[in-house]
Every structure is written in structure tokens, then in C-alpha cells.
Amino acid sequence: MHLTPEQQALLDGSQGEVMAKVVKTLVMYGETFGAERMTPVTSTYGHTVISFGLGVMKPIYDLYDTILDAGIPAGQKFTADPRPLDPNVPASALENLVFKRFMYNQQARYEAQLKRLGVTGDDGYTCACYFDEVGNTPKRGDVLSWAESSAVVYANSVIGARCNRNSGIIELMGSIAGFVPEFGLLTDEGRKATWVVELRCKTRPEPQLLGSAIGMKVMEDVPYIRGLDKWLGTELNDAAKDYLKDFGAATASNGAVGLYHIENLTPEAKDLGEDIIAQNAKSFVVDDMVLEQTRKNYPVIWKDPDVAPKLCFVGCPHMSLSQLKDWTDAVEAGLKESGRDQVAIPTVFTAPVPVIKEFEKTPYAARLSKTGVVVSYICPLMYMNNPLCKSKAVITSSNKLRTYTSARYYTEADILKLITGKEAAK
Amino acid sequence: MRTFHGRVVVPGTCTAEALVSRGGFNTLASYQMALMFGDKKVKCGDQNNPDIYKKPMIGKALCLPMTIGSTTGGMVLYAACSLHKQPACMLFSKHIDSLAASGAILGDVWTDQNMPVIDQLGDEFLEYVQTGMKVTVAADGAVTVE
């Protein structure tokens, strides 16, 4: 890799041994992928995937102490993934004890570190940092040093920014150094589609199911998707962006997709058309049968598959303001049909703090509260990372949450039927 | 017995028993419960990976096409290395992915643990190697399976 004299000096220890190791890490990372140079990070803010102070991850916080103690100048400010705890989310006394005493006993230490490292503020904790309300929305073409698979795939695909699927820790090192190795999704060649996915569904495919099917098929490759504009239109309005947020999260968690192109909709597909498809791209046809088979293959790991659900999470990744409003309307309508006042299953909708604040300014907040649904800034994935949740029947419309936890996946329509008591879980 | 040649990502040598994931290895899903609750055998917790679900991973020669899933993946591997709970080595049939590379490099630069990592061993490697076989990694990236 060719480094500038300034970068070489850092590697040689001009700012101390710790900064040299930060740069060495980035150099080795780039060389593994054939990067020939570093490129400046151009976004205003970074984003870190690590938001949790897990006792078992103490080596990470020790590493951050090493960086902080070395007096390395702060890099760009950044947002962080959602916090793992929120007292508003239903939890038993035992769960609260496990969370605070055993699992997240490094939370206060880590949040203090994040303040020193440059987190944007108390409202900066969300996986959907790119929402307007949160304010970490990069520009098209910006080079990012982000981690959080759902945010990276959104920034690349929907915004047209440029970011590799960086890991936690590496992303912070890029923000500190101010440069990242140029390879993969930072290059024009790396952004070409190597799969063409043809949609032949009779109805609008469920975003998180479609994302799952495509992610499992193409893994880390870049898919170009034909036929989705039939349902989403050709403008990136709120509905299309919400769909793509959830779709992308499923491609990234069920596979390893960092960028997708939607014909006639996402910026690079619109500008470049089929020129963005690489030669010899592979093909994959998705129809209703493929989606149904994908769903049927999900294992149910509840001890008793027939037990009644105890909790429902919607919002992994975090919900947008329009999603909160739409779900409020849908829950109210569903409850009316089933003759109930409140949801049949304790239900949590998750969203970023700034979105929740905006939501609370609207009449929807009081209406949703009446239905019994709790709105929280929590990370449901972190909430479910405890052994007690293994025996807790949690349902979700999130394919990401399903992938990493024992939560059982249902389509959004089925979740609505279940939480409004129109249908019992099967 | 067969020998395959790959590219050295993290140098080192070792001999260990193979643990084979034919599909993408989801690092977070595989490690999170084992690390969180101090499972000494570090049994794989990924329900979606029938090849290795519930099988011990510590000290094994982890053979895989690539890793998939959450971008916490590299951080999780780094934590596994720091806690001395990493596999003996990681052997990729394909080009290593960015998350696994991050974890392997973080482990190499920031810890005193050695976990050799070889990639680009080819599809034939993953077709040939079976869980339980003996795997020897040489310093030049040669991997012998017997």
C-alpha cells in the first residue's frame, strides 16, 4: 500500500505507539483486500456498532482505554447503535438483575468512554442514524467509516454513500485516523452488481422476507433487483425508504450484503441503469414459492413451539416516524375489529430518541399509548441476549432479530393479527 | 491426505481438529451466548448453521467459506482472542470477508494470541475436509488435511 508521508509517519510512530498500531491495523486491513492507498473519510459523522457495555466484552473497553490514555486526538464525532437497556420495556425482576448485575455491568464505563471518544450526544444512540431526525445523514458519494450492517447497507444503497462492511472497533479507528483503506464498496468496480435478481411475485413481497431470501442466496455479493419498482415506485419517498431499510437489514443479517441496487429506484441504478451490472452476473428468480420456502425453513427454537407469545418487538432496525404513525393506525384498526381496547401481547415498538420526540409531538403518540404498545429506544437484539429470553416466547417482524436470537419471525400482517388479538399464534 | 495452498492473512502454524461450516459462518450468532455466559467449550450458538450448531469451537481448525451477519463480527472475534477462546486457526475456502479480516487483524495487532488465518483455499478444500479430520497449517499457507 502506498501511504502519504503523513500516514507513513503515523505508522512509524510520530504520534506514539498506540496511534501507530491504529494505523497498522488499518494498513493490514486494506492490504488483505488489495487496497493501494488510504482515502479520506468525508462524512461529517461516523457510526459505531458497539453501544453496549457487556461484562464479557471487557477486552474491548480495555482497548479503548488504551487509545484514550495515549492522548490520541479525537477523530470525527459519531453516532452509536441503540442502548441495550430501557426501564420502559417489560422485564421481570430476575431479568433486570441479570441485565444490570451480570450482563451490562460495563455500560456506564463504556458510555463514559464514548463521550470522550466523541459520541454526538445522548440522543445519538440508534441503528438508524441516517434518519433526518437523528442528523447523521451522509451525502451521496461521501466516504464513511461506519459499522452496523443495516446502516451500512442503507447508506450505500439508498443514499449512495460509500462504506465497506467494517467491523466494530475498525470503524472507530477509521474515524480516529480520518482515513480508511480504499477497496471493495469504496470503488466503482466493487459497486457493480454481480447478481441480477428477477422478482416474479404476485403481491408486494414482505421486505424482511425478500431481503432474507436474497441475502441467503447472494451472501456478500451485490444484487441488482428487477421488478421491485412495480410496488415501490420510482421515487425514494418515505414508504420506499422504510421498505428498503427493512429489506436491506435482512439482506445484511441473513447474508452479508453491503450494497444492493433497485432498478429505477436507488440512485446508482437510476443513473447508470444496467451499466452497473458486472459481466457474467449470476441470476436468481424470486417468486412467492421461494419466499414461502424461505419462511418455512426458519427454525423455531422455542422449548414449546405452541406456547402463547409473551412479548412482541417491532423495530429492528429502528422504526421511522412514518412507520410509527402507520402502525398506530393499523393497531387501532385491528383492535377495533377484534373488539379489544389494548394489545393482546405486550408489545414494544423501537425507534431513535429524536424520532420518539417528534412522534410525541403528534396526536399519534397518545393514541398508540392507549393501545398499550410501549415505544422505546432500546436495541431489541441486546435485550434478548440473555439466557432467560431463551425460554421466553418473543415474536417479531424483524428477520435480523430472528437471526440472532430465539425470537420467532412473523410477517407484519401476522404480527398485527397476533398483537391485536385477531388471531392466536400457530 | 491432501494438501491445499492458500494465502496467509495472519501468519502462524498449528495442528488441530477440523470443525467445518459449509455455509457462511455467522460470527455474532455463533459466539454471543458462549462468550456471554462463559461456556468453556465455546459451543456454537447459531441455530441457522446445522453443520456446527452446539458443537465446541475453541481450539478447532474452523473451516468455512466466509463469515456473514452483523458488523460486530470482527469485534466478537477480537474478544474471543483476548479471552483465549478463539479457534486454533481459521481456514477460508474463499477470499476472507471484511469482518473476519478485521477480527483476525485486531487479534494479531492488539493481543498476544496467535490464530493463523489462511484464505482462498478453494471450494475443493471445503468439499474435502470433514469435521473431526486432522488439519495442519504450515507457515507458507499450506494446509494439510488427513
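Between A:Leu388 and A:Asp306, the FRET efficiency estimated from the beta carbon spacing at R0 = 22 angstrom works out to 0.65.
In whole Å, what is the distance between the alpha-carbon centres of the stretch A:371-426 and the stretch A:72-88? The stretch A:371-426 and the stretch A:72-88 have Cα centres spaced 24 Å from each other.
Scalar couplings 3J(HN,Hα) for the stretch A:359-376, obtained by applying the Karplus form with A = 6.51, B = -1.76, C = 1.60 to θ = phi - 60°, are 4, 5, 7, 9, x, 4, 4, 5, 5, 5, 4, 4, 6, x, 6, 9, 9, 9 Hz; x denotes Gly and Pro. Here's the list of lysines a cross-link from A:Lys361 could span, going by alpha-carbon distance under 29 Å and ignoring same-chain residues fewer than 8 apart: A:Lys77, A:Lys115, A:Lys139, A:Lys241, A:Lys245, A:Lys325, A:Lys336, A:Lys370, A:Lys417.
The antiparallel fraction among DSSP beta bridges confined to the protein assembly as shown stands at about 30%. With Cα atoms defining each centre, the stretch A:219-244 and the stretch B:1-75 are spaced 33 Å apart in the structure.
The angle between the Cα long axis of helix A:58-69 and the main principal axis of chain A comes to about 40°, on a 0 to 90 degree scale. Of all DSSP bridge pairs formed entirely within the stretch A:5-186, close to 30 percent run antiparallel.
What does the charge count near A:Val98 come to, summing +1 for each Lys or Arg and -1 for each Asp or Glu among other residues with Cβ under 14 Å from its Cβ? Within the 14 Å Cβ shell, the charges total +3. Here is the P(r) of chain A: all C-alpha pair distances, binned every 10 Å from 0, give 5, 21, 31, 26, 14, 3, 0, 0 in whole percents.
Charged neighbours of A:Lys217, selected by a Cβ distance under 14 Å, balance to -3 (K, R count +1; D, E count -1). The stretch A:281-297 and the stretch A:1-35 have Cα centres separated by 43 Å. With Cα atoms as the point set, the stretch A:5-186 shows a radius of gyration and Dmax of 16.9, 57 Å. Here the 3J(HN,Hα) profile of the stretch A:74-81, calculated from phi with Karplus coefficients 6.51, -1.76 and 1.60 at θ = phi - 60°, is 4, x, 5, 6, 8, 8, 9, 4 Hz, Gly and Pro shown as x. Rounded to 0.05, the FRET efficiency of the A:Leu68 and B:Lys40 pair, given R0 = 30 Å and the Cβ-Cβ distance, is 0.40. For the residues of A:52-59, the average number of beta carbons from a partner chain within 10 Å of their own beta carbon is 5.
Note on A:Ala239 and A:Lys370: with the Förster distance fixed at 22 Å, the Cβ-Cβ geometry gives a FRET efficiency of about 0.30.
Amide H contacts of A:Arg83: A:Cys379, each under 5 Å away and 5 or more positions distant or on a separate chain (H built 1.01 Å from N in the peptide plane; Pro and chain starts excluded).
Altogether, the Stokes-Einstein calculation at 20 °C and 1.002 mPa s, with the Kirkwood radius of the stretch A:311-419 over Cα pairs as Rh, returns a diffusion coefficient of 153 µm²/s. Peptide A:23-30 has a mean shielding of 4, counted as Cβ atoms of other protein chains within 10 Å of each residue's Cβ. Under a Gaussian network description of chain A, with springs only between Cα atoms under 10 Å, the residue in A:Glu360, A:Glu206, A:Glu148 that fluctuates furthest is A:Glu360.
Each Cα pair under 8 Å and six or more residues apart adds its sequence gap; the mean of these over the residue count of chain A is a relative contact order of 17 percent. For the stretch A:252-364, the fraction of alpha-carbon pairs lying more than 17 Å apart is 76 percent, rounded to a whole number. Beyond 26 Å, what share of the Cα-Cα pairs of the stretch B:2-145 is found? Please give it as a whole percent. Roughly 11 percent, rounded to a whole number.
Largest mean-square fluctuation among A:Ile378, A:Ile262, A:Ile60, in a Gaussian network model of chain A whose springs join Cα atoms under 10 Å apart, belongs to A:Ile60. Calculated on the Cα set of the stretch A:24-124, radius of gyration then Dmax: 16.6, 54 Å. Relative to the longest principal axis of the Cα atoms of chain A, the long axis of helix A:107-117 makes an angle of roughly 40 degrees.
Quick one: 3J(HN,Hα) in Hz for the stretch A:377-391, Karplus 6.51/-1.76/1.60 with θ = phi - 60°, rounded, Gly and Pro as x. Values per residue, Gly and Pro as x: 8, 5, 9, x, 5, 5, 4, 7, 7, 9, x, 5, 5, 4, 9 Hz. The chymotrypsin sites (Phe, Trp or Tyr not before Pro) of the stretch B:1-63 that meet both conditions, a loop assignment by DSSP and at most 15 other Cβ atoms within 10 Å of the site Cβ, are B:Phe37. Modelled this way, with points 7 Å down the Cα-to-C-beta line, the labels at A:Ala9 and A:Arg140 are 3.8 nm from one another.
Taking every residue in A:167-176 and counting other chain Cβ atoms within 10 Å of its Cβ, the average works out to 6.
Once the convex hull of all Cα atoms in the stretch A:159-291 is built, its volume per residue stands at 105 Å³.
All of the numbers you see were taken from the coordinates with simple rules; none came from a lab. Because the structure is predicted, anything quoted here is derived from the model rather than measured. Positions of Cβ are backbone-derived with ideal geometry, glycine not excepted, and every protein chain shown enters the neighbour counts.
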